[in-house]
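The values are calculated or read from the model by the stated rules, or taken from the named source; none is laboratory data. Nothing here was measured: the structure is a model prediction, and the numbers come from that model. All Cβ positions, even for glycine, are placed from backbone atoms using ideal geometry, and neighbour counts span all protein chains on display. Heads up: the accessible areas ignore ligands, DNA and RNA and are worked out on the full protein's heavy atoms, side chains in. Shrake-Rupley method; radii C 1.70, N 1.55, O 1.52, S 1.80 Å.
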Amino acid sequence: MRYVVGLINKYDAGKFPKDLKEMGIGRVIQLASNENPYPPPEEVIEAVKKEVLWINRYPHPEYRDLKEKIAEYCKVDYGMISIGSGAMDILKVIADVLLEPFDKVVVPMPSYSYYTFVSMLRDAGVEEVIFEGYRVNVESLSGKLVFLCSPNNPTGNTVDEKTVRDACENFEYVVLDEAYAEFAGKSFVKLLDEYENLIILRTFSKYFGLAGMRVGYSLSNESIAEAIEKIRSPFAISPLAAKAAEVALDNLDYYERVRRKIVTLREKMRRELENYYYVYPSEANFLLFKHDRENLVDEFLKRGIILRDVTGLRGLEGNHVRVTVGREGEVEIFLEVLREIN
Ligand code: PMP
């Protein structure tokens, strides 16, 4: 077995809500995985129920209807889109397509640990470069590939346009992960017209509330898109998942209302957290904070609230916790527990 397999679980082994219920903790509030706490609109649920009647059939091999909707939503050409089973799946396919052993890959840190993982699986030479608070500057860096994340997981801040441009000038390829872009209302899709080496990653797991469906996509020049489409598993996502994503894109007003609510709740959480801890600036649906407590995450867990302990992630000095914005009632309970244990 490859030695890199040990790398991933350290930060990604979230406590599972269902498991906690079985352990007898009655009320479980999952704030560890940056999902949208609100369900998708009724139209999505109804469309999936109808689609179930077709599950004896394979889906369209190219996911034509879904790509047409994404093309309209992102204002890109159809041929620039590749589909995958979540953005994680596409990250792995991109590494397979682009990387050879010993290629130099730069990963600005602290960021999403899966970038290093997929690169190491290809035996690339990974250089994790630390930027405090993920204030990235790649002016003096170069290599085969760089992974940028905007808004960044786990800090929550976005990168600026100059950073994306510098990356495109200095690196052979740039992967820009925009998994949380809708929450920030800021995307660099328009730079795809200028840079042939830019690949933008998106997902339906966060903003669109479809994490369990596993639908991600990438936007890039057509030859990279075609390579990703060829290398990915055939029929990578189920027809139910494709249908859910299509109908989600028909209901953008609903999601905008949900976004506003999440942003309001995020700022409420921020104000209270700042009474006790340093909180990083965030344009996403989660907050990162620094604390000096021994067992903060366990204190919350005992009370049924699952948070993500990101202590030890390269680029973070001291104890850090990431908390996802929950529903209104969940946020109230989180804040009550916060006050109680401080
Ligand atoms: N990129 C980032 C920055 C993420 O935080 C996540 C999910 N944790 C992903 C990609 C993967 O998302 P998906 O569910 O689409 O695989």
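Just wondering, is there one or more residues in the range 141-160 that are among the polar types (S, T, N, Q), free of Cβ contacts under 8 Å to residues at least 40 places away in the same chain, open to solvent by 20 Å² or more (accessible area, probe 1.4 Å) and under 21 Å from Arg314 (Cα atoms)? Even if it seems obvious, please write down each step before you answer.
Just the residues of the range 141-160 that are among the polar types (S, T, N, Q), to begin with: 142, 150, 152-153, 155, 157-158.
Next, only the ones that are free of Cβ contacts under 8 Å to residues at least 40 places away in the same chain stay: 142, 150.
From what's left, open to solvent by 20 Å² or more (accessible area, probe 1.4 Å): 142.
Add one more test, that the residue is under 21 Å from Arg314 (Cα atoms), and what stays is 142.
Within the range 141-160 (the criterion being among the polar types (S, T, N, Q), free of Cβ contacts under 8 Å to residues at least 40 places away in the same chain, open to solvent by 20 Å² or more (accessible area, probe 1.4 Å) and under 21 Å from Arg314 (Cα atoms)), the answer is yes, since at least one residue qualifies.
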Discussion item. Which numbered condition in (1) touching a helix residue (DSSP H, G or I) at 6+ places or on another chain (Cβ under 8 Å); (2) buried (at least 21 other Cβ atoms within 10 Å of the Cβ) is the only one that Glu229 fails?
Written reply: (1)
Worksheet item: Can you tell me how many residues in the range 151-181 are within 11 Å of the chain's Cα centre (by Cα) and of a type in the set (D, E, K, R)?
Response: 2
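Take the residues in the range 197-226 that are in a helix (DSSP H, G or I) and either of a type in the set (Val, Ile, Thr) or more than 10 Å from the ligand (Cβ to nearest atom) (or both); name whichever of them is least open to solvent (accessible area, probe 1.4 Å). Don't jump to the end; show me each part of the working.
Keep residues of the range 197-226 that are in a helix (DSSP H, G or I), which gives 211-213, 222-226.
Among the residues that remain, those that are also either of a type in the set (Val, Ile, Thr) or more than 10 Å from the ligand (Cβ to nearest atom) (or both) are: 222-226.
Details: Glu222: 97, Ser223: 79, Ile224: 17, Ala225: 1, Glu226: 104 Å².
Out of the qualifying residues, it is Ala225.
So that you can scan it fast, the table gives a plain yes or no per residue for (1) within 16 Å of the ligand (Cβ to nearest atom); (2) within 19 Å of Leu145 (Cβ to Cβ):
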residue	(1), (2)
Leu66	yes, no
Ala71	no, no
Val76	no, no
Ser85	yes, no
Asp103	no, yes
Pro108	yes, yes
Thr116	yes, yes
Ser119	yes, yes
Worksheet entry | Single residue of Glu294, Glu299 found to be open to solvent by 10 Å² or more (accessible area, probe 1.4 Å), assigned to a loop (DSSP other than H, G, I, E, B) and over 24 Å from Asn157 (Cα atoms) | Glu294
Worksheet, complete the sentence: Screening Pro61, Pro37, Pro41, Pro101 for residues that are at pLDDT 95 or above and open to solvent by 40 Å² or more (accessible area, probe 1.4 Å) leaves only Pro101
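Does at least one position in the range 238-256 carry a residue that is of a type outside the set (Val, Ile, Thr), more than 30 Å from Met80 (Cα to Cα) and part of a loop (DSSP other than H, G, I, E, B)?
Residues of the range 238-256 that are of a type outside the set (Val, Ile, Thr), as a first pass: 238-246, 248-256.
Then keep just the ones that are more than 30 Å from Met80 (Cα to Cα); that gives none.
The answer is no; no qualifying residue exists.
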